[in-house]
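To start, the structure itself, in structure tokens.
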Amino acid sequence: MTSTFKRVNGTLLLDNSYPALARAVSIIRRGGLVAFPTETVYGLGASATDSNAVNNIFLAKGRPSDNPLIVHISSINQLTNIARDIPETAFLLAEKFWPGALSIVLTRSEIIPPEVSAGLRTVAVRMPDHKVALDLIRMSGVPIAAPSANRSGRPSPTSYRHVLEDLAGRIDAVIKDDDCSIGVESTVIDLSGPVPVILRPGGVSREELESVLKLNVKVSAPLFREGIPSSPGMKYRHYSPKAPLILVTGDETRRMHFAEKIADCYRRKGQRVGILNTFCESGRPDLNRLRIIASRLYRELRILDQQNVDIIIVQATSSGGIGLAVMNRLRKAAARIIKV
Ligand code: AMP
Ligand code: MG
């Protein structure tokens with residue numbers, strides 16, 4: 001097939017039209033890498049049943065090989081091929097939250113090569129809530145393994161432009177669509193053990209999970225089982241802008257004053273200070289406000305990078321709703337955390 005699609009450093013820039021999706025599908029089927037939009041962040045997809053293709057995801061991202069990928073599906077029927085011994089709880093959560101920002105860790109079946117899960121006996125599965133992602137998976141006829149489509153360690157991409165910034169020339173194609181609506185990654189919940197455990201907070205909140213499961217759910221990362229971390233990704237420093245980030249936590253009024261004081265201090269030393277100033281909240285956790293903060297988080301970090309600031313100062317948010325995911329990412333991005 002000849003194409004009229006633009007290329008950026010050799011990477012095809014596809015739109016979300018049918019011919020463009022058909023092109024993406026043929027790339028996936030022959031073992032290539034396609035970045036695609038989801039409601040959380042852009043994913044870097046390859047056929048989850050092709051170990052070569054999966055290895056190429058790790059190479060393109062510079063991702064440590066012990067950090068497992070999430071397998072994306074378009075229909076609940078695929079779940080029983082990918083996982084074994086699926087507990088009733090998984091179907092309950094899938095029914096309630098899929099398609100959506102919840103990845104469920106289950107016992108891995110043989111059709112998923114060990115490379116996908118970095119050798120773990122488990123596999124994380126998710127059905128994204130995005131038409132283009134679902135069409136791509138359905139038309140490809142295979143589950144798609146996909147981590148976030150950024151260079152390892154960088155803030156996750158919430159726009160196709162971020163994907164190109166990090167991966168143009170390293171992957172076959174990117175599907176261009178609107179910016180991601182949620183803006184942080186999925187919640188990862190482990191149902192492969194005796195009790196459900198949140199391994200990574202994300203787009204589905206702990207409170208939502210607890211109200212469906214009717215029990216308190218522990219948040220644990222990284223959690224070690226059989227001597228290896230059960231969510232290896234959580235041990236790495238992540239989501240980091242180029243400039244060091246200082247996270248100020250503690251009492252709301254004091255952290256505001258302190259953040260201003262350290263900003264002034266750096267400015268007096270002639271340094272360019274970047275402030276993520278959407279982080280001042282007042283009173284009780286305002287869940288909608290936290291959703292907006294989450295949706296802008298990675299974009300703002302990348303903007304500050306482009307402004308070449310020397311230092312980034314961020315005030316903590318509350319940890320209600322998606323605030324738990326925001327705080328998790330800020331802690332991982334931070335070079336320094338100061339409690340006032
Ligand atoms: P990313 O797709 O880049 O957001 O990374 C996927 C996240 O899911 C990482 O934090 C992984 O450690 C976690 N993850 C993926 N598969 C598993 C699994 N089988 N067990 C535990 N955590 C997983
Ligand atoms: Mg990632």
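The values are calculated or read from the model by the stated rules, or taken from the named source; none is laboratory data. Note that this is a predicted model, so its numbers are computed, not measured. Positions of Cβ are backbone-derived with ideal geometry, glycine not excepted, and every protein chain shown enters the neighbour counts. All accessible areas refer to the heavy atoms of the entire protein, side chains included, with ligands and DNA or RNA removed. Shrake-Rupley method; radii C 1.70, N 1.55, O 1.52, S 1.80 Å.
Screening L199 on (1) more than 14 Å from the chain's Cα centre (by Cα); (2) within 16 Å of ligand 2 (Cβ to nearest atom) shows it passes everything except condition (1).
The set of residues in segment 298-318 being open to solvent by 30 Å² or more (accessible area, probe 1.4 Å) and either of a type outside the set (A, V, I, L, M, F, W, C) or closer than 15 Å to L330 by Cβ (or both) consists of R299, E300, Q306, Q307, N308, D310, S318.
Of the residues screened, V71 is one that is assigned to a strand (DSSP E or B), under 14 Å from the mean Cα position of the chain (by Cα) and not acidic (D, E). Taking the criterion of being buried (at least 19 other Cβ atoms within 10 Å of the Cβ), closer than 20 Å to A325 by Cα and among the β-branched types (V, I, T), would at least one residue in segment 79-102 satisfy it? Scanning segment 79-102, I find no residue that is buried (at least 19 other Cβ atoms within 10 Å of the Cβ), closer than 20 Å to A325 by Cα and among the β-branched types (V, I, T), so the answer is no. Restricting the search to strands (runs of 3 or more DSSP E) fully inside segment 87-182 and requiring at least 1 residues that are in contact (Cβ under 8 Å) with a residue 24 or more places away in the chain and within 12 Å of F36 (Cα to Cα) gives 144-146, 173-175. Selection of strands (runs of 3 or more DSSP E) fully inside segment 1-59 by the criterion of at least 3 residues being in contact with a helix residue (DSSP H, G or I) (Cβ under 9 Å, 6 or more places away or on another chain) and open to solvent by less than 50 Å² (accessible area, probe 1.4 Å) returns 11-14, 34-36, 43-47. Look at (1) in contact with a Lys or Arg (Cβ under 9 Å, 6 or more places away or on another chain); (2) away from ligand 1 (no atom under 15 Å from the Cβ) and you find that L136 fails only one, number (1). Every listed requirement among (1) surrounded by fewer than 23 Cβ atoms within 10 Å (Cβ to Cβ); (2) within 11 Å of ligand 1 (Cβ to nearest atom) is met by T187 save one, (1). Could you grab me the full set of residues in segment 29-75 that are β-branched (V, I, T) and either within 14 Å of ligand 1 (Cβ to nearest atom) or under 17 Å from K131 (Cβ atoms) (or both)? If the condition is that a residue be β-branched (V, I, T) and either within 14 Å of ligand 1 (Cβ to nearest atom) or under 17 Å from K131 (Cβ atoms) (or both), then V34, T38, T40, V41, V54, I57, I70, V71, I73 are the ones that fit.
Which one of R331, R284, R267 is modelled with pLDDT of 95 or more, surrounded by fewer than 19 Cβ atoms within 10 Å (Cβ to Cβ) and of a type in the set (K, R)?
Working: R331 fails: modelled with pLDDT of 95 or more; R284 fails: modelled with pLDDT of 95 or more.
Sole residue among the options that is modelled with pLDDT of 95 or more, surrounded by fewer than 19 Cβ atoms within 10 Å (Cβ to Cβ) and of a type in the set (K, R): R267.
Residue pairs whose Cβ atoms lie under 7 Å apart, sitting 6 or more positions apart in sequence or on different chains, and linking a residue in segment 251-278 that is in contact (Cβ under 8 Å) with a residue 12 or more places away in the chain to a partner that is open to solvent by 100 Å² or more (accessible area, probe 1.4 Å) and not hydrophobic (A, V, I, L, M, F, W, C), are V273/R267; G274/Q307. Within segment 47-68, residues that are away from ligand 2 (no atom under 11 Å from the Cβ) sit with their Cβ atoms under 6 Å from residues that are open to solvent by 50 Å² or more (accessible area, probe 1.4 Å) and assigned to a helix (DSSP H, G or I), at 6+ positions apart or across chains, in these pairs: S51/E115; V54/E115; N55/E115.
Look through segment 104-125, keep the residues that are open to solvent by less than 10 Å² (accessible area, probe 1.4 Å) and more than 19 Å from the chain's Cα centre (by Cα), and return whichever of them is nearest to ligand 2 (Cβ to nearest atom). Here the answer is I112.
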